[in-house]
1. Keeping all protein chains in the complex and leaving out DNA, RNA and ligands, what accessible area do you get for C33 with a 1.4 Å probe, in Å² to the nearest 10?
2. Could you list the GluC sites (Glu not before Pro) in segment 148-193 that lie in coil according to DSSP, counting only those with at most 16 other Cβ atoms within 10 Å of their Cβ?
3. Averaging sequence separations of C-alpha pairs under 8 Å and six or more residues apart, then dividing by the length of segment 49-117, give the relative contact order as a whole percent.
4. Describe numerically, in nm with one decimal, the distance between label points set 7 Å from Cα along Cα→Cβ at S250 and at A290.
5. I230 accessible area, nearest 10 Å², 1.4 Å probe?
6. With the full set of protein chains in place, find how many percent of the accessible area of segment 1-136 is carbon and sulfur; take the probe as 1.4 Å.
7. With every protein chain present, what accessible area does S111 have (1.4 Å probe, heavy atoms only), rounded to the nearest 10 Å²?
8. On a full-extension model of 0.36 nm per residue, what is the gain between M237 and H123, subtracting their alpha-carbon distance, rounded to one decimal in nm?
Amino acid sequence: MAETNRTEVYVYEQVVILSSCVLSFFGSLLIICTFARWPDLRTTPRKLLVYLSVTDLLSALSYFYGVLRSFDSDSGDCIAQGAISTFANTSSFFWTVAIAIYLYVFIVKSSQRQANNLVLYFHLISWGVPFAITVAALSLHKIGYDASEVSVGWCWVNIQAEDRVLWMLLTAKIWEFIAYVTLPVLYMLVKIHIHRAHAALSEYRPILTSSPVSHSPSSMADRKLTIIPIIFIMLRMWSTIRFLLLLTDSPAGHNPVLVTLHGIGNTFQGAANCIMFVLLTPSIRSRLVAQLCCKGQDKHWRSESVSQNRASAHTPSHREENTSPQTWENNEG
């Protein structure tokens, strides 16, 4: 049965997906390193992004090993790799949604304290639930060789398990479906709030309307809020398509193009986050360039950040609601 249903993983597919794993690994590592390097970046939203990057880094490593080995049977390292990728992948879903919830509470509800109070629950849920699911799957021998039915060389839910579809749902797909719905809704609500806040602010300060909107912090935040759920869906949809094709016993699930897109989508999340929140974030990109080209500039960044923090410490608290979109954008880049 396993051999009959096995999806062939070609060498060129392995090369492409392994490259995606490497990019995701270094992208996640860069997010973590920038957070550790510059203390003023250690805001709560950026911390949540670091936790997400840890899961993406772990996913990249486990998927890299799985694709490189291209398992063809159950083995100890197959089960170990499947368990690690199951935990990291599921945890990544939870942290992705957690960031959206945090931003919703922080910006729309205008309550930084309430948002910060949620972080403990984010940890309990985003680490605890994936860990419990993975332990349960291991204990019941549900993780193992899956003949690349809904994977690309790596191990996931054992193909011999009679209830493998149920465990595919529990170990990834149900959380993926929830994220598909939750992320667009939350980010759309945040976008609507930013638009309303910007419109209200412009009404009382007409001079703002004469400034280039495309370069304003709220405009940049608005674009990112649009891109975040789109990128998530674009990366994850190929895995979902193959899962749905499996349910219908369609041979289209073995299509090499679809298999390659699935492999890239599952492994590129860390690189995508790095591009959006590091390389395309001017303030952080400038610091990296300064760090690489002239280390003296780093001292300038530090003194400037200290000055900004001191100035913000004397800012009246009632301004938090009006500047929350800009504050988030400054925190994120």
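The values are calculated or read from the model by the stated rules, or taken from the named source; none is laboratory data. Note that the structure is predicted; figures quoted are calculated from it, not measured. Cβ placement follows ideal geometry from the backbone for every residue including glycine, while neighbour counts extend to all protein chains displayed. Just so you know, the surface numbers come from the protein's heavy atoms only, side chains and all, with ligands and any DNA or RNA stripped out. Shrake-Rupley method; radii C 1.70, N 1.55, O 1.52, S 1.80 Å.
1. C33 has an accessible surface of roughly 70 Å² with all protein chains in place.
2. Sparse-neighbourhood loop GluC sites (Glu not before Pro): E162.
3. For segment 49-117, the relative contact order is 35 percent.
4. Computed distance between label sites S250 and A290 equals 5.2 nm.
5. Ignoring ligands and nucleic acids, I230 comes out at about 90 Å².
6. Roughly 68 percent, rounded to a whole number.
7. For S111, the solvent-accessible surface is approximately 30 Å².
8. Going from the current span to full extension adds 38.4 nm.
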